[in-house]
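The values are calculated or read from the model by the stated rules, or taken from the named source; none is laboratory data. Values in this document were obtained by computation on a predicted structure and should not be read as measured data. Because the Cβ atoms are built from the backbone with ideal geometry, glycine has one as well, and the counts that use them run over all protein chains shown. To get the accessible areas, we keep the full protein, side chains included, count just its heavy atoms, and leave off ligands, DNA and RNA. Shrake-Rupley method; radii C 1.70, N 1.55, O 1.52, S 1.80 Å.
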Amino acid sequence: MLEYEGAAWYEKQFFSQGGCLRLSFGAVLTYAKVWLDGQYLGDHYGGFSQFSFIVPNISQGCHTLTVLADNRFDQYSIPQKRVDWYPYGGISRDVSIEELHGICVLENRLEYTLSEDLTSAKCQLVLQCYNAGIQAQTDLTVTVGEQTVYRGSISVPAGMTQTVTLPESCLENITLWEPENPKLYSVCIQTDTDDLYDRVGFRHICVSDRKILLNGKPLQIRGINRHDDHPDFGFAFPPSRIQHDLDLITGLNCNAIRGAHYPNSQLFLDYLDELGILFWSEIPIWGIGFSVETLGDPTVVDRGLTMHKEMVRYYYNHPAIILWGMHNEIRADTEPALHMTKTYYDYLKANGGNRLVVYAANQYFTDICCAYSDVICVNQYYGWYDGDLPAWIPFLEQYCQRMDSLGMADKPFIMSEFGGGALYGYHDAECTKWSEEYQAKLLRYCLKLFGEHPAVAGAFIWQFCDARTSSQMDLSRARGFNNKGIMNEYRRPKAAYFAVQEAYHQWMEQNK
Ligand code: ADA
């Protein structure tokens, strides 16, 4: 049913040898409650993050897993009901069941600091372990790449989850992870009864003098915004479709994706790590839907903070993520927004690893939160909604002047959204709005301007492909789609696809 809001029940029977199980959920929209054999295990709020339950002492035989997925909105919802994407409900990512034996490694986080010359990494591994057995001790071996970084033993009391922080170790002569050579190191963690394999990449990102530096070298972001949506699969993307989207994106000469407007799947991130595509990962605080009062509500601020914590917890090891996005287009000219932004910024800077922390702004010259964004990221639609294309020139100038006057002259800019709609297959020699020709012209103009502007460190075009939107967007969305895709929803290219391919190619040539 179109935009059904309410409860959906899922039930699945499975056979278990018995013992201790871990039930993991990739994503359930938006509020989930879980039972095993009628016994309540717990709940989780937030449609785009992982969660799991450990259930000890399961008998051998058939068991029933029951899930309630509820996608209703209320005054504390993140996102709020008004969004410019399709508000799917239900279980959208994998559910897995593992049998746990003895001391198991549930999660790992590799924290590292690179030496000044970027040739060695001081590493510290933080493990989440659970003891599903009775022996309180296990041998533990950890290798990163070829190097054994820990061999020893650890203790975890039976039936307990424990954080285990291993002693620091140093990896010499590392090969850095970079877009041109995305070197990944395998991490292998073994106890007497369990193992966990992961991958990490070593890289450094910072800003200096209006530039973003990746591994000490200026980075120009050739980016695109992408909704994780497909008409045939919704949010439940099969691997082959992810690969196809990424082929199209690399074919565009992009080096970065903004996961607008929510965390994407682990599988998606794994591909980005492998391909060397940079990623902006954000939580679904999509500002237009949030009143100032809602932004200031402690429950909402807390829910957002939990989402950031979960994003950091589960995505920490992905080198592809260079930007944590706190929110999009909120009323950043107000005190509640300032409080929210500061809360998230402080958390992400302290806990998010070596990443830039940003938000996508549209309050322009009245924004009071700029101090809490490492890069000034601006959404603006000159040439589409308000203003014509030449309006971009004074706009950028004034923005730079404002940053100077705020004492933030060294912060780079990213144009985090810009673009215009085109109906696939609608051509017009007069280049009127909604034609493929107009959209191509608009993006060509913007990319030339941004590519040559000394303060602009990169761009994320809005958007990769047309995406179904919600009825809340009403008449501004022909067909019920946001039509600013440079491809239609089935990934058929519009004229703009080729214009962007060419423009980003020119950026690459200019930077050789
Ligand atoms: C905003 C918003 C996007 C999209 C866009 C548009 O900038 O962040 O999600 O709605 O506008 O198409 O107008």
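For segment 390-413, which positions are within 30 Å of the chain's Cα centre (by Cα), part of a helix (DSSP H, G or I) and of a type in the set (A, V, I, L, M, F, W, C)?
392, 395, 396, 400, 403
Check segment 188-201 and report whether any residue there is within 16 Å of the ligand (Cβ to nearest atom), in contact with a Ser or Thr (Cβ under 9 Å, 6 or more places away or on another chain) and within 28 Å of residue 111 (Cβ to Cβ).
Step one: list which residues in segment 188-201 are within 16 Å of the ligand (Cβ to nearest atom), which gives none.
No, segment 188-201 has no match at all.
Pairs, please: C-beta under 7 Å, at least 6 apart or cross-chain, first residue in a strand (DSSP E or B) and in segment 313-333, second modelled with pLDDT under 95?
327/287; 328/287
Find all pairs meeting these conditions: Cβ atoms under 6 angstrom apart; at least six residues apart or on different chains; first residue within segment 130-158 and closer than 23 Å to residue 201 by Cβ; second residue basic (Lys, Arg).
Correct list of pairs: 141/151.
Which of the numbered conditions does residue 289 fail, given that it passes all the others? Conditions: (1) closer than 28 Å to residue 508 by Cβ; (2) modelled with pLDDT under 95.
Condition (1) is where residue 289 drops out.
Can you tell me which residue in segment 326-342 is farthest from the ligand (Cβ to nearest atom), limited to those that are farther than 26 Å from residue 397 by Cβ and touching a strand residue (DSSP E or B) at 6+ places or on another chain (Cβ under 9 Å)?
It comes out as 340.
Does residue 393 qualify as being closer than 20 Å to residue 220 by Cα, within 16 Å of the ligand (Cβ to nearest atom) and touching a residue at least 40 places away in the same chain (Cβ under 8 Å)?
It is false that residue 393 is closer than 20 Å to residue 220 by Cα, within 16 Å of the ligand (Cβ to nearest atom) and touching a residue at least 40 places away in the same chain (Cβ under 8 Å).
Looking at segment 332-349 only, could you name the residues that are open to solvent by 10 Å² or more (accessible area, probe 1.4 Å), within 23 Å of residue 407 (Cβ to Cβ) and not acidic (Asp, Glu)?
334, 338, 339, 342, 343, 345, 349
Would you pick out the residues in segment 270-294 that are touching a strand residue (DSSP E or B) at 6+ places or on another chain (Cβ under 9 Å), within 16 Å of the ligand (Cβ to nearest atom) and of a type outside the set (D, E, K, R)? Working first, answer last.
As a first pass, look at segment 270-294 and keep what is touching a strand residue (DSSP E or B) at 6+ places or on another chain (Cβ under 9 Å): 270, 272-288, 290.
From what's left, within 16 Å of the ligand (Cβ to nearest atom): 280-288, 290.
Scanning segment 270-294 gives 280, 281, 283, 284, 285, 286, 287, 288, 290.
Looking at this structure, is residue 402 within 15 Å of the ligand (Cβ to nearest atom), farther than 19 Å from residue 447 by Cα and open to solvent by 10 Å² or more (accessible area, probe 1.4 Å)? Give the derivation first.
Working: within 15 Å of the ligand (Cβ to nearest atom): no; farther than 19 Å from residue 447 by Cα: yes; open to solvent by 10 Å² or more (accessible area, probe 1.4 Å): yes.
Taking the combined requirement at face value, the residue does not satisfy it.
Tell me the residue from 76, 88 that is more than 16 Å from the ligand (Cβ to nearest atom), surrounded by 14 or more Cβ atoms within 10 Å (Cβ to Cβ) and assigned to a loop (DSSP other than H, G, I, E, B), please.
Answer to the check: 76.
Name every residue in segment 471-497 that is within 14 Å of the ligand (Cβ to nearest atom) and either in a loop (DSSP other than H, G, I, E, B) or of a type in the set (Phe, Trp, Tyr) (or both), in order of residue number.
477, 481, 483, 484, 485, 486
Taking the criterion of being open to solvent by 10 Å² or more (accessible area, probe 1.4 Å) and among the β-branched types (Val, Ile, Thr), would at least one residue in segment 244-251 satisfy it?
Yes, segment 244-251 contains a residue that is open to solvent by 10 Å² or more (accessible area, probe 1.4 Å) and among the β-branched types (Val, Ile, Thr).
Going through segment 434-455 one residue at a time, which ones are small (Gly, Ala, Ser) and outside any helix (DSSP H, G or I)?
435, 455
Would you mind stating whether residue 267 is under 24 Å from residue 111 (Cα atoms), in contact with a strand residue (DSSP E or B) (Cβ under 7 Å, 6 or more places away or on another chain) and open to solvent by 10 Å² or more (accessible area, probe 1.4 Å)?
No.
Output yes when any residue across segment 420-430 is among the aliphatic types (A, V, I, L, M), in contact (Cβ under 8 Å) with a residue 60 or more places away in the chain and open to solvent by 30 Å² or more (accessible area, probe 1.4 Å), and no when none is. Working first, answer last.
Initially, segment 420-430 is screened for residues among the aliphatic types (A, V, I, L, M), giving 422-423, 429.
Subset that is in contact (Cβ under 8 Å) with a residue 60 or more places away in the chain: 422-423.
Now drop any that are not open to solvent by 30 Å² or more (accessible area, probe 1.4 Å), which leaves 423.
Yes - at least one qualifying residue is present in segment 420-430.
Pairs, please: C-beta under 6 Å, at least 6 apart or cross-chain, first residue open to solvent by 10 Å² or more (accessible area, probe 1.4 Å) and in segment 359-385, second within 8 Å of the ligand (Cβ to nearest atom)?
Note: pairs meeting the criteria are 362/329; 362/379.
So is residue 458 on the phi > 0 side of the Ramachandran plot, in a strand (DSSP E or B) and open to solvent by less than 10 Å² (accessible area, probe 1.4 Å) or not?
Details: on the phi > 0 side of the Ramachandran plot: yes; in a strand (DSSP E or B): yes; open to solvent by less than 10 Å² (accessible area, probe 1.4 Å): yes.
Criteria met by residue 458.
Can you name the residue in segment 461-470 that is open to solvent by less than 10 Å² (accessible area, probe 1.4 Å) and part of a strand (DSSP E or B) and, of all such residues, is nearest to residue 208 (Cα to Cα)?
Filtering segment 461-470 for residues that are open to solvent by less than 10 Å² (accessible area, probe 1.4 Å) and part of a strand (DSSP E or B), the one nearest to residue 208 (Cα to Cα) comes out as 461.
Please verify whether residue 284 is open to solvent by less than 30 Å² (accessible area, probe 1.4 Å), in contact with a His (Cβ under 6 Å, 6 or more places away or on another chain), of a type outside the set (Phe, Trp, Tyr) and outside any helix (DSSP H, G or I), treating the condition exactly as stated.
Yes.
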